[in-house]
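Trainee: Have a look at the structure that comes next, please.
Where a number appears in this text, it was derived from the coordinates with a stated rule and is not lab data. Computed from a predicted model, the values in this text were never measured in an experiment. All Cβ positions, even for glycine, are placed from backbone atoms using ideal geometry, and neighbour counts span all protein chains on display.
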């Protein structure tokens, strides 16, 4: 009998005992191919020697030191590395233990920036429908994940301001070009700013590539450029959440560079530590840092494990390995390979509506009818059935429901390790296809 409150307390998951490369093994030595990196985390796979050795070495020298008293060489080195990789004016970092902490830090720093500069009326953050930015109350208040928000609604900030997601499969009009669609939905931000009053708005928060809530939504060309223009026009901050899609997941270290923009803040986590240590980073622009440095001179928030020495050592090893093993190129190559093979295998499947993605961050959306795009009946809980059958087939994949509006829609997300090769791609496609067929047959039989 377990003493852990698991995610589903009525079901204790199998016990993992080891990992090697892209495979995980349970207590019965059963093998699972991790095609989702857990939750887009394990970008180097399991048991990679570089972070393992970095952790061992740092633990022997200095495991932890409180940031109130000291910094560490590993934290300083990681900060230098990330700011070297980031385009100007992104040049200072706060290290946290996870994505939700880093998101909260970004929100608080954004508010502090305007307090420091005398614009104290600014209090609203605008986000998008079908967004998710973390599980803490502050992050849930900004995000739009219906299921995760629902139990806590009375505790959440009532000032919840959202605009449309960039979701062309569902929301692009028949007579619109992709560019026209992107500009139209981006312009909703301007409308929302004017509705709230520009002097009252702190910033706009978005995942560069929408993640788990809607099943991977890459922005259409021109969309984020227009968003950046609107933020600049009204003097508000652009805060990009790359907790899932950053750290190389989409083929460049920062996903936003593919959209030819630079945010005022960017948040990294998950793949930043590759699962070897819990770590996140909130990277801010020079004007934000300077406002704090030249104003109160104090970061108005702190956490016990900020800049944890072992976590920073592991992360530095991860980032250096991504560079030294030329893994970003492999992400681009195998990402194109994986999405092409998925489309070849599943594109004509009667229940596969869309296959989309960027790099090794790919989503498959399911429908009951390809022409009308009618989703599957939510009562089938197809995402749960698919997850169970995939695990039975030795495949780990990240499934989700409520893709469209928090209730309707089902998807699966694939985010395998950056180290995969063509043989692994083929194995993912084969197992994914089989699991989808078996799951569709199961819900069809149940409905009969």
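Trainee: Return a whole-number percent for the relative contact order of segment 17-142, with Cα pairs under 8 Å and 6 or more residues apart as the contact set.
Mentor: 13
Trainee: Highest mean first, how do 103-111, 230-238, 438-446 rank when packing is the count of other Cβ atoms within 10 Å averaged over residues?
Mentor: Details: 103-111: 23.3, 230-238: 18.8, 438-446: 15.1.
Ranking the peptides 103-111, 230-238, 438-446 by packing returns 103-111, 230-238, 438-446.
Trainee: OK, next. How high is the relative contact order of the chain? Use alpha-carbon pairs under 8 Å, at least six apart in sequence, and give a whole percent.
Mentor: The value is 22 percent.
Trainee: Considering only DSSP beta bridges whose two residues both sit in the chain, what percent are antiparallel, to the nearest 5?
Mentor: Just about 65 percent of them are antiparallel.
Trainee: How far apart, in nm, are the 7 Å Cα→Cβ label points at residue 433 and residue 257?
Mentor: 3.5
Trainee: Of the listed peptides 27-37, 59-69, 279-289, what is their order by residue-averaged count of other C-beta atoms within 10 Å, with the highest listed first?
Mentor: Top of the packing list down: 279-289, 27-37, 59-69.
Trainee: Next up: Would the chain count as rounded, prolate or oblate if I go by the C-alpha gyration tensor, calling it rounded below 1.5 in a/c and otherwise prolate when a/b exceeds b/c, oblate otherwise?
Mentor: oblate
Trainee: For all pairs of alpha-carbon atoms in segment 289-401, what percent lies in each bin of width 10 Å, listed from the first bin to the last filled one?
Mentor: Histogram of Cα-Cα distances, whole percents per bin: 11, 24, 23, 20, 16, 6.
Trainee: So if I take the centroid of the Cα atoms in segment 1-51 and the same for segment 240-289, what is the distance between those two points in Å?
Mentor: When both Cα centres are located, 25 Å separates them.
Trainee: Once you place label points 7 Å from the Cα toward the Cβ at residue 61 and residue 146, how far apart are they in nm?
Mentor: The answer from the label model is 5.1 nm.
Trainee: Same structure, new question: Rounded to the nearest Å, what's the spacing between the alpha carbon centres of segment 335-368 and segment 373-439? Just the number, please.
Mentor: Result: 10 Å between the Cα centres.
Trainee: Follow-up question, since we're still on this one. Using Cα-Cα distances under 8 Å and only pairs 6 or more residues apart, what relative contact order does segment 317-415 have, in percent? Spell out each step's value before the answer.
Mentor: Working: 149 pairs, mean separation 20.8, N = 99.
Over segment 317-415, the number comes to 21 percent.
Trainee: Can you order the peptides 365-376, 381-392 by their average number of other Cβ atoms within 10 Å per residue, highest first?
Mentor: Packing order, densest peptide first, comes out as 381-392, 365-376.
Trainee: In whole Å, how far is the Cα centre of segment 298-323 from that of segment 62-136?
Mentor: After rounding, the separation between the Cα centres reads 12 Å.
Trainee: Using the count of nearby Cβ atoms within 10 Å as a rough guide to exposure, how do 132, 114, 124, 70 rank from fewest to most?
Mentor: Starting with the residue having the fewest Cβ neighbours, the order is 70, 124, 114, 132.
Trainee: Also, I was wondering about something else. Apply the a/c threshold of 1.5 to the C-alpha gyration tensor of segment 226-305 and tell me whether it is rounded, prolate or oblate.
Mentor: oblate
Trainee: Give, as ranges by residue number, the residues of segment 393-416 whose backbone N falls under 18 Å from the point 7 Å along Cα→Cβ of residue 381.
Mentor: Under 18 Å, as judged by backbone N against the label point of residue 381, lie 397-403, 406-412 of segment 393-416.
Trainee: Would you mind ranking 161, 411, 92, 11 so that the residue whose beta carbon has the fewest other beta carbons within 10 Å leads the list?
Mentor: With the fewest neighbours first, 161, 411, 92, 11 line up as 11, 161, 92, 411.
Trainee: Please state the shape class of segment 358-441: rounded when a/c is under 1.5, otherwise prolate if a/b exceeds b/c and oblate if not, all from the C-alpha gyration tensor. Please list the in-between numbers first.
Mentor: Values: a/c = 2.03, a/b = 1.61, b/c = 1.27.
Verdict is prolate for segment 358-441.
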